[in-house]
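What follows is calculated from the coordinates using simple rules that are stated; it is not laboratory data. Keep in mind the model is a prediction, meaning the values are calculated, not measured. FYI the Cβ positions are ideal-geometry reconstructions off the backbone, even for glycines, and counts take in every protein chain you see.
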């Protein structure tokens, strides 16, 4: 007897159009659910790198203070060259102004940080670095050196701090100006205190800003966003770029409360 070796295909069929559409819809739903999760995970990783950066800058500051009789570095210094301006994060060379240059490895903290890249935040990529490119993402608390009426106090000593663990050294920073379609953000290496009404702390980590404190520790805090226009810049622009202030009570309007984390001498409650 001859054996039939042919194969039956009567039980096989392709996907119908409805089945394909269902599969595509399921994939789209899963993507919509998972993509934000992946984006948040990436931002958490960037936030961790940034927190490490500010922690290292804080520790470098502590080493500087110990080497200089418990005194902070000045807001700017000079090496004798009138075209040079040395600040905490690097040296500006105005010799060929307006084609000036910036060296992030030769700032006042340079001997202690040994690394220019830690002065940038991986989440600050959307903030223009300007010309020449100055990739500094953090601002120094200028209230350490000035009174509320802008009188220069000089570099403070550790003894001047009531509560170093509650006093900001540096924080995620970016400036903003303009209105309508002309709003612009920029790198800002100096941090204003809230009652100045010139917000420049950037909550670039999902609304939080990483901060190095005067006792050397680092932690993030929620940024308080303006609720009214400031110098023509509407609240919506500050919200869009997460630029605001660090305040103790999460609102603004009381100078003692607003400036609490910036002040050397804390207000008496």
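Rank these for me by crowding, 196, 206, going from fewest to most other beta carbons within 10 Å.
206, 196
Got a sec? How would 17, 169, 158 order by Cβ neighbour count within 10 Å, fewest to most?
17, 158, 169
Helix-derived [θ] at 222 nm for the chain: sum -39500 (n - 2.57) over DSSP H runs of at least 4, divide by residue count, nearest 500?
So the calculated ellipticity at 222 nm is -8000 deg cm²/dmol.
Please tell me the relative contact order of the stretch 61-109 in percent, rounded to the nearest whole number, where contacts are Cα pairs under 8 Å and at least six residues apart.
Relative contact order of the stretch 61-109: 27 percent.
May I ask you to derive the FRET efficiency for residue 31 and residue 179 from their Cβ-Cβ distance with R0 = 51 Å, giving the value to the nearest 0.05?
0.85
Mind sorting out which of (1) 40, 21, 17; (2) 30, 24, 19; (3) 50, 23, 20 is the real semi-axes √(5λ) of the Cα gyration tensor in Å computed from the coordinates?
(3)
Treat each spin label as a single point 7 Å out from the Cα along the C-beta direction, and report the residue 83 to residue 219 distance in nm.
Once both label points are built, they end up 4.7 nm from each other.
Work out the FRET efficiency for residue 254 and residue 147 from their Cβ-Cβ distance, taking R0 = 22 Å, and round it to the nearest 0.05.
It comes out at approximately 0.75.
May I ask you to list the residues of the stretch 142-176 whose amide nitrogen lies under 20 Å from a point 7 Å from Cα along the Cα→beta-carbon direction of residue 268?
Under cut-off, by backbone N: 148, 160-164.
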